[in-house]
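Only one structure is covered here, and it is reproduced in the block below.
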Ligand code: FAD
């Protein structure tokens, strides 16, 4: 077994030397004996060359399956200290859109998958009931984190809509869903991290210890280090969820209600919803799209019968969590809240389900799409943070304008409170107290319909960005994708200098996460 690893490693090193012209003494690199596996297997390399977006491809020379944080340390230290260096990209579940976890001619560290690798490799995530936190391996998927914490009746507070994403991957962006108005994004719910910097040092960081690294890494697009462990805040897990959707034909009534609901974040639990999202219905086909197979044929109201403004309807999606002790009051609490809203009166759709089933809702849709061959298709997704003051201009220009009655996938829209986002983290948001996520989650299909082609949807994304630019709507991309230094500087705005200085401090050779295309490696 050890010999096989050594042979594989020698192959990888020889290929590195040949391809990038490293002048390293091979015996030095052979000291990199990993507990896990450094793989040249074509199927590993092929997987690491792609992502969910299926729009870009970059082939690494090798893929490391680490068995410990020390494996990550060993590889990064080698890359950093080699005379010419080589690039290293952590890959979670590869659910990026534009090659953010890929690297050409470097090594991808496949953080997710394989045996259960938690804060301590080989063990499930470790829960502290007393401390109300869980320690998870950076590559752990959120679904597995949830399974571990539920054994103690606990659950993380802030989520993404989809749980087959890695802890390190979402914390490198923000991690948002309908709970963010209340708890902030996932990056606001982390106590501590273990991070391997671009120099190969393994550091524990938090608000108190190595705080600059802590803030840099959260929302840091993988630029400053590789998260090997995250300590995540927990709450008592609710048992069930009342899941409600109501429709609006009027955009300003819709956003007014959404903004009202998120303004209740400081209120007692009984007086607010636990989750606030929403989506746009531009064409009727979308009513039962992959994210919203919710409206049943036995709808009390025929959706087409609702008079929509410019052909567009808006759906507010809210939930209330409960358990045995609160089951008796939940109906009244919901009624009191709904009474304050201004939706189309006949359009209330309600369902009730276990908490876990609600959190894992998108996975069910994934399985359906997979069975129809509609999951592994290109995804030209565009995620924007839009300032509250300009959301109605965005509605006019994009939902009622550019999209032209055809969306080709779900469009989410929901507001968040900026004061729940720590301004010392690396993530950038618009400069207003409330901003919206608008997520155009579209799939390109080759069915002969020219409005569904990758080219059409990509052009439309460009048109949307141009429209915002021309109209002076200061959007920020979430899960950003840019290709030039100027665009990145513009994206970070007055946070750029700090971002740059932190990069020079924690990854001075610029070898980490080059797939983000922010920095080029130094030779
Ligand atoms: P990857 O795509 O593998 O990596 C993303 C970036 O993080 C890369 O730059 C990579 O190098 C870096 N990285 C990965 N692991 C680490 C690590 N351990 N340490 C440091 N850097 C690392 N996002 C939301 O916020 N909310 C949602 O509701 C949501 N829903 C989604 C639903 C689907 C179906 C999909 C495909 C994506 C969704 N996302 C959502 C986006 C998701 O958060 C991003 O794709 C994110 O990158 C996580 O994916 P991943 O774990 O596969 O990371």
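Each reported figure results from applying straightforward, stated rules to the coordinates on display, with no laboratory input. Since the model is a prediction, treat every value here as computed from it, not as a measurement. In this analysis, Cβ positions are derived from the backbone assuming ideal geometry, glycine residues included, and neighbour counts consider all displayed protein chains.
What FRET efficiency comes out for residue 204 versus residue 377 if R0 is 45 angstrom and r is the Cβ-Cβ distance? Round to the nearest 0.05. The pair residue 204/residue 377 has a calculated efficiency of 0.65.
In segment 348-467, how does Rg compare with the Kirkwood Rh, expressed as the Rg/Rh ratio over alpha carbon atoms? Radius of gyration over Kirkwood radius for segment 348-467 works out to 1.01.
Using Stokes-Einstein with the Kirkwood hydrodynamic radius over Cα pairs, what translational diffusion coefficient do you get for the chain at 10 °C and a viscosity of 1.306 mPa s, in µm²/s rounded to a whole number? For these conditions, the coefficient is 66 µm²/s.
Expressed to the nearest 5 percent, the antiparallel share of DSSP beta bridges inside the chain is 90 percent. Please report, to two decimal places, log10 I(q)/I(0) for segment 126-236 at q = 0.12, 0.17, 0.23 Å⁻¹ as given by the Debye formula with identical point scatterers on the Cα atoms and no solvent. So the normalised log intensities are -0.36, -0.73, -1.31. By the count of neighbouring beta-carbon atoms within 10 Å, fewest first, 64, 479 end up ordered 479, 64.
Potential lengthening of the chain between residue 489 and residue 57 amounts to 153.0 nm, from the contour at 0.36 nm per residue minus the alpha-carbon distance. With R₀ set to 30 Å, the beta-carbon distance separating residue 366 from residue 458 gives a calculated FRET efficiency near 0.85. With neighbour counts taken as other beta-carbon atoms within 10 Å, the residues 351, 453 rank, fewest first, as 351, 453. Annotation: average projected area of segment 395-523 is 9.8 square nanometres, based on the convex hull of Cα atoms across all directions.
A helix-only calculation puts the chain at -8000 deg cm²/dmol for mean residue ellipticity at 222 nm, using -39500 (n - 2.57) for each DSSP H run of at least four residues, averaged over all residues. For residue 263 and residue 471, FRET efficiency with R0 = 35 Å and r from the beta-carbon atoms, rounded to 0.05? E(calc), rounded to 0.05, equals 0.85. Cβ crowding within 10 Å ranks 468, 315 as 468, 315, fewest other Cβ atoms first.
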